[in-house]
Amino acid sequence: MQIGTTLTRFIIEEERQHPEATGEFTGLLTDLSIAAKIIARDVNKAGLAEVMGITGRTNVHGEEVQKLDEFANALIIRTTDHTGRLAGMASEEMDDIYPIPEKHPRGNYILVFDPVDGSSNIDVNVSIGTIFSIYRKKSSDSVTHADFLCRGREQVCAGYIIYGSSTMLVYTTGSGSHGFTLDPSLGEFLLSHEHIQIPERGQYYSANEGNYLKWDAPVRRFVDQLKEGSQPYSARYIGSLVADFHRNLLKGGIFLYPGDSKSPSGKLRLLYEAAPLAFVVEQAGGAASNGTQPIMDLPATELHQRTPLFIGSRDDVATLEQFVRGKRA
Ligand code: AHG
Ligand code: MN
Ligand code: MN
């Protein structure tokens, strides 16, 4: 009788291939999947679950905090802070790091996350997501800022949940990127996309062309040439990074959030948006760049550091970098 491979079973089987793994991983990913199921339940009845609308507060980025941002942030803390797997957390919705309180046992991992990505789409029933990234704690005693300021290459796990027509969890631990679809009747994430491989060159490009005139000339030229030729790319942009990224991951394409004259570092954050998705896409055979170097190699100097982001099919990102380096005009 075939019930499919649950997320828990897949993680355990994957961990068996890594003798050094301690099982803390299985627990941490399982904890996150529980938070994902609860967020999915409330997102799927947003209008009825009192999670629509704004809180009236703004976060460290000066952005309006949606009720669901706050709910999801608190939920992820609550489902992961007491299990003894984490030493601390950081998130888009918290100004500073969150060390695990004294009353709880502490573990060796650091969790960084964007509790709800695409918040502006919550009230209009468009797919949103959660993005997470896990590091091993480097400091020997209590957790410090330095434990969070890691390069993407140091991630031990990264992934996202997309709350769309179905709820999917996609993650990597460095042995490929794998997708699991929530079966609400079972309450289980079941393996649906093993070893995702992104097409080497895409058919879609995703960018907010409302910013076109503020982009640097090479980026404008790159996007212009996507529209030329016998088979122009199709534009697909819905304003949720996770949803735009997920489509391009499965179908091929490039997502661009460039820096511009107003914001040279762009809008998206390195630690809990760009780096985790860069890990996933590299494991799927794609690429992620800030225009000149891999996202995974960028040093993090502050928690909420922003970076320009070009991510998706390997050849499309390589072509973008040629334009930025002046090798293509
Ligand atoms: P968040 O909701 O976590 O702040 O992220 C929103 C991000 C990202 O999801 C999306 O790609 C981008 O903002 C859209 O920005 P614009 O509205 O400027 O295009
Ligand atoms: Mn986000
Ligand atoms: Mn967010």
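The values are calculated or read from the model by the stated rules, or taken from the named source; none is laboratory data. This one's a predicted model, so the numbers in the text were calculated from it and none came from an experiment. A quick note on method: Cβ atoms are made from the backbone with ideal geometry, for glycine too, and the neighbour counts reach across all protein chains shown. When the accessible area is computed, the model is the full protein with side chains, heavy atoms only, and any ligands, DNA or RNA have been set aside. Shrake-Rupley method; radii C 1.70, N 1.55, O 1.52, S 1.80 Å.
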Looking at (1) under 18 Å from the mean Cα position of the chain (by Cα); (2) open to solvent by 70 Å² or more (accessible area, probe 1.4 Å), find the lone condition where A158 falls short. (2)
Does G202 fit the bill of being away from ligand 1 (no atom under 16 Å from the Cβ) and assigned to a loop (DSSP other than H, G, I, E, B)? yes
Determine whether G107 is open to solvent by less than 10 Å² (accessible area, probe 1.4 Å), assigned by TED's automatic domain parsing to the domain that holds C157 and away from ligand 3 (no atom under 12 Å from the Cβ). yes
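What about I128, is it open to solvent by less than 40 Å² (accessible area, probe 1.4 Å), within 22 Å of V280 (Cα to Cα) and within 16 Å of ligand 2 (Cβ to nearest atom)?
The answer is yes for I128.
Considering only region 270-278, I want to know if a residue exists there that is crowded, with 16+ Cβ neighbours inside 10 Å, in the same structural domain as E209 (by TED's automatic domain parsing) and more than 16 Å from ligand 1 (Cβ to nearest atom).
Quick first cut of region 270-278, residues crowded, with 16+ Cβ neighbours inside 10 Å only: 270-278.
When the remaining residues are screened for being in the same structural domain as E209 (by TED's automatic domain parsing), the result is 270-278.
Okay, now just the ones that are also more than 16 Å from ligand 1 (Cβ to nearest atom), so none.
For region 270-278, residues crowded, with 16+ Cβ neighbours inside 10 Å, in the same structural domain as E209 (by TED's automatic domain parsing) and more than 16 Å from ligand 1 (Cβ to nearest atom): absent.
Does V116 satisfy the condition of being open to solvent by less than 10 Å² (accessible area, probe 1.4 Å), within 16 Å of ligand 1 (Cβ to nearest atom) and under 30 Å from N44 (Cα atoms)?
Answer is yes for this residue.
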For region 228-329, which fully contained helices (runs of 4 or more DSSP H) count at least 2 residues that are in contact (Cβ under 8 Å) with a residue 24 or more places away in the chain and within 14 Å of the chain's Cα centre (by Cα)? 241-251, 275-283
Filter region 83-104 for residues that are in a strand (DSSP E or B) and open to solvent by less than 40 Å² (accessible area, probe 1.4 Å); the one that is farthest from ligand 2 (Cβ to nearest atom) is A87
